[in-house]
1. The conditions are (1) free of Cβ contacts under 8 Å to residues at least 24 places away in the same chain; (2) farther than 29 Å from residue 150 by Cβ, and residue 31 fails exactly one of them. Which is it?
2. Look at residue 165 and say whether it is within 17 Å of the chain's Cα centre (by Cα) and part of a helix (DSSP H, G or I).
3. If you scan the stretch 163-186, which residues turn out to be surrounded by 13 or more Cβ atoms within 10 Å (Cβ to Cβ) and without any contact (Cβ under 8 Å) to a residue 40 or more places away in the chain?
4. Please enumerate the residues belonging to the stretch 119-138 that are touching a residue at least 24 places away in the same chain (Cβ under 8 Å), farther than 28 Å from residue 202 by Cα and more than 11 Å from the ligand (Cβ to nearest atom).
5. Does the stretch 173-195 contain at least one residue that is more than 24 Å from residue 205 (Cβ to Cβ), within 16 Å of the chain's Cα centre (by Cα), within 16 Å of the ligand (Cβ to nearest atom) and assigned to a strand (DSSP E or B)?
6. If I go through the stretch 119-138 residue by residue, how many of them are within 26 Å of residue 185 (Cα to Cα) and in a strand (DSSP E or B)?
7. Scanning for something closer than 19 Å to residue 80 by Cβ, within 14 Å of the ligand (Cβ to nearest atom) and either touching a helix residue (DSSP H, G or I) at 6+ places or on another chain (Cβ under 9 Å) or assigned to a helix (DSSP H, G or I) (or both), does the stretch 139-150 turn up at least one residue?
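Nothing in this text is a laboratory measurement; each read-out follows from the coordinates by a stated rule. Every value quoted in this text rests on a predicted model; they were computed, and no experiment measured them. Cβ coordinates were reconstructed from backbone atoms using ideal geometry, including for glycine residues, and neighbour counts include every protein chain displayed.
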Ligand code: 2DT
């Protein structure tokens, strides 16, 4: 029988080296161990045709206009939007590694206006909660620095972090939670679980839409 309560939509955002990938993997194991029906998604989803164009851009194998790549990142979310809605309606918890907030933060760090950046993601399913794993560029550096991809540079990360700060002000403390990701891995994982755990029994309120 279909679950009358829908699944929760949880987004994990964070800067490079914030431990986002590790935390999402830890969360997945915890959800599985608790027997909770959950799916993990990651944006960009580099497996689709659009995702492959994004991958090529991020690896600097191709160049694209700032607006064109922004629209591709958004289209990459839209191509999964219906399946996200279906999974939530079926009672599955959906955890998403990056979402539209990364889209807005990284593109507007390049000088595009926040309003322009937001527009293509308008009406996408809105997360019930966004967990932002915060780390300073200095802490990131002490974790071994950044990788090779296009945005993995201190100056970009600094700007992106400031924009995430601005975006967070638009949400209340239930829909946007910032966690100090400079703490020990286990400590961060337990804070993440404190937020996610209570949502895994399902929600009866309707899913909201960005950016309402
Ligand atoms: P990963 O290192 O997590 O694969 O991210 N990005 C991501 C954007 O510029 N716009 C977006 O909409 C999204 C989802 C953030 C790859 C890089 O892509 C950036 C880092």
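1. Condition not satisfied by residue 31: (1).
2. Considered against the rule, which asks whether it is within 17 Å of the chain's Cα centre (by Cα) and part of a helix (DSSP H, G or I), residue 165 comes out as yes.
3. Residues satisfying the conditions are 165, 168, 183.
4. The answer is 135, 136, 137.
5. No, because not a single residue in the stretch 173-195 is more than 24 Å from residue 205 (Cβ to Cβ), within 16 Å of the chain's Cα centre (by Cα), within 16 Å of the ligand (Cβ to nearest atom) and assigned to a strand (DSSP E or B).
6. The total comes to 6.
7. no
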